[in-house]
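In what follows, a single structure is set out as structure tokens and then discussed.
The values are calculated or read from the model by the stated rules, or taken from the named source; none is laboratory data. Just so you know, these numbers come straight off a predicted model, no measurement behind them. Here the Cβ positions follow ideal geometry from the backbone for every residue, glycine too, while neighbour counts run over all protein chains shown.
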Amino acid sequence: MAPPARRRSGRRAPPRRAPLSTRPAPAGARLAAHDELELRCEKLVAGGEGLARFEGIPIFVPRAAPGDRLRVRLVERRTDYGRAEIVEILEPGPGRRSPPCPYFERCGGCDLQHLEDDLQLRLKAEAFRETLLRVGGIEMPPRVAVERGESWGYRLRTQLHIAASDRGPQVGYFARRSHEVVAVDRCPVLVPELERLLPTLPRQLGDQPHRRLDLTVGDGGRWTCSPLIEGLPHGEVTLALGALRYSYDARCFFQAHRQLVPALIEHAVGPAEGEDAWDLFAGVGLFSLPLAERYQQVIAVDVDRVAARFARLNARRNRLRGLQVESVAIDAWIAAQPPGGPRGSPARVMVDPPRGGLSSRLRRWLVRVRPRRLTYVSCHPAALARDLKLLERGFRIESLTLLDMFPQTGHLEAVVQLLARELETASS
């Protein structure tokens with residue numbers, strides 16, 4: 001008699017693993033045998049580094065241009081990638097140029113001066129698109145508006161570092177991947193009012209103990225600095241943007257591109273109107289003030305007490321009585337909101353978080369509260385992609401705009417307008 005047939009358990013057999021002897025060694029182990037490599041740069045990735053490959057291993061190379069054939073020195077070996085510095089450009093790629101700034105090779109302030117300005121923007125937009133798709137599965141529309149302004153002489157603020165030396169204070173920027181100060185007497189991305197300060201600052205600083213100096217400029221060329229240093233101007237500056245006037249000082253975050261700040265406000269705030277809006281990470285009120293012209297009640301929230309003080313001042317000076325400012329951590333503020341009622345579900349929420357993006361608590365809260373319109377402003381595509389992927393449960397993307405707020409660097413600013421899924425036809 002034949003033995004009874006075995007009943008199938010329904011479980012799949014575990015995948016067969018390759019013998020240890022045939023598995024490829026980790027990238028770090030394969031790279032350990034090499035100090036220098038010859039590579040061809042494939043493309044630019046978000047943040048501005050070039051991507052090349054060695055035996056399939058991604059190698060990230062700062063200051064590389066797509067199409068470059070390079071001799072590089074490995075400076076970092078990880079389990080699945082490496083990082084390298086250029087030793088020699090064997091064959092330049094199309095669009096590579098001599099950097100206009102003499103400090104570019106050492107200074108860590110800019111990433112892309114070696115690329116023509118038009119090429120920079122195209123490559124950054126492509127890298128942004130690739131990051132949204134790879135990290136969040138988010139497909140950008142085929143045609144996305146990209147706003148640009150001046151590529152040089154645009155920065156309204158800067159942070160300088162100071163190092164002591166036998167020749168007196170050295171003022172400049174950190175070198176790439178280092179805290180060594182590269183002294184500079186010019187910086188062509190700064191507005192002229194700030195750039196012309198650089199040659200004289202070392203003499204004005206004397207033997208003061210500070211190691212960092214923040215500068216910002218407003219209308220009329222008035223500039224101010226922080227911390228307080230005898231002989232240098234301090235206090236607030238004022239910048240007019242349309243009919244609104246903003247006051248702030250060098251301690252406050254403020255968008256840096258002189259020509260593009262109005263366009264950023266226009267794309268972020270837009271024509272929508274309604275009863276109430278909440279501006280989270282509000283700073284000095286860049287978006288809160290124009291929102292208060294369109295919504296009956298606006299609540300601006302920011303943990304920075306100095307910024308919140310200026311936001312209140314700006315609301316008062318612009319006579320915006322419907323704007324309320326609260327200085328508290330965002331997560332703590334949303335935790336204190338009632339689950340229902342007019343403050344529990346606003347018509348609109350604006351978020352402009354730091355580079356790390358939204359906290360998990362804030363993402364969950366947004367999906368639960370589900371304002372009719374959510375506006376997300378971001379300069380970090382990976383954090384944005386992660387957050388949008390999780391926000392998809394409650395929202396759909398209505399539009400996406402890119403703004404080149406940081407020419408000569410690898411960064412773009414994005415404005416994403418989202419609508420609550422069950423209220424997609426709502427006008428606000």
Looking at segment 78-110, which of its residues are more than 18 Å from Ser178 (Cα to Cα) and basic (Lys, Arg)?
-> Arg78, Arg96, Arg97
Is it fair to say Leu232 is free of Cβ contacts under 8 Å to residues at least 12 places away in the same chain and part of a loop (DSSP other than H, G, I, E, B)?
-> no
Among (1) without any contact (Cβ under 8 Å) to a residue 60 or more places away in the chain; (2) at negative phi; (3) of a type outside the set (D, E, K, R), which single condition is Ala385 missing?
-> (1)
Residue ranges of strands (runs of 3 or more DSSP E) in segment 312-410 with at least 3 members surrounded by 18 or more Cβ atoms within 10 Å (Cβ to Cβ) = 348-351, 373-378, 395-403
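Conditions tested, residue by residue: (1) in contact with a strand residue (DSSP E or B) (Cβ under 7 Å, 6 or more places away or on another chain); (2) at pLDDT below 95; (3) among the acidic types (Asp, Glu).
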site	(1), (2), (3)
Asp117	no, no, yes
Leu132	no, no, no
Glu139	no, yes, yes
Pro142	no, yes, no
Glu147	yes, no, yes
Leu156	yes, no, no
Gln159	yes, no, no
Ala164	no, yes, no
Arg177	no, yes, no
With respect to Glu105, is the statement that it is modelled with pLDDT under 95, assigned by TED's automatic domain parsing to the domain that holds Ala383 and not in a helix (DSSP H, G or I) true?
-> no
State yes or no: is Thr224 among the β-branched types (Val, Ile, Thr), outside any loop (DSSP other than H, G, I, E, B), touching an Asp or Glu at 6+ places or on another chain (Cβ under 6 Å) and not assigned by TED's automatic domain parsing to the domain that holds Glu398?
-> yes
Condition test on Arg177, is it in a helix (DSSP H, G or I) and either assigned by TED's automatic domain parsing to the domain that holds Phe406 or not small (Gly, Ala, Ser) (or both)?
-> no
For segment 264-298, which residues satisfy the criterion of being out of contact with any Lys or Arg (no Cβ under 8 Å at 6 or more places or on another chain), in a strand (DSSP E or B) and within 16 Å of Arg321 (Cα to Cα)?
-> Glu275, Asp279, Gln296, Gln297, Val298
Scanning segment 44-88 for residues that are among the β-branched types (Val, Ile, Thr), buried (at least 18 other Cβ atoms within 10 Å of the Cβ) and assigned to a strand (DSSP E or B) gives Ile57, Ile59, Val61, Val72, Ile86
Residue under evaluation Ala268, criteria (1) surrounded by fewer than 22 Cβ atoms within 10 Å (Cβ to Cβ); (2) out of contact with any Cys (no Cβ under 7 Å at 6 or more places or on another chain); (3) not acidic (Asp, Glu), criterion not met | (1)
If we ask which residues in segment 186-209 are in a loop (DSSP other than H, G, I, E, B) and either surrounded by 17 or more Cβ atoms within 10 Å (Cβ to Cβ) or out of contact with any helix residue (DSSP H, G or I) (no Cβ under 9 Å at 6 or more places or on another chain) (or both), their number turns out to be 13
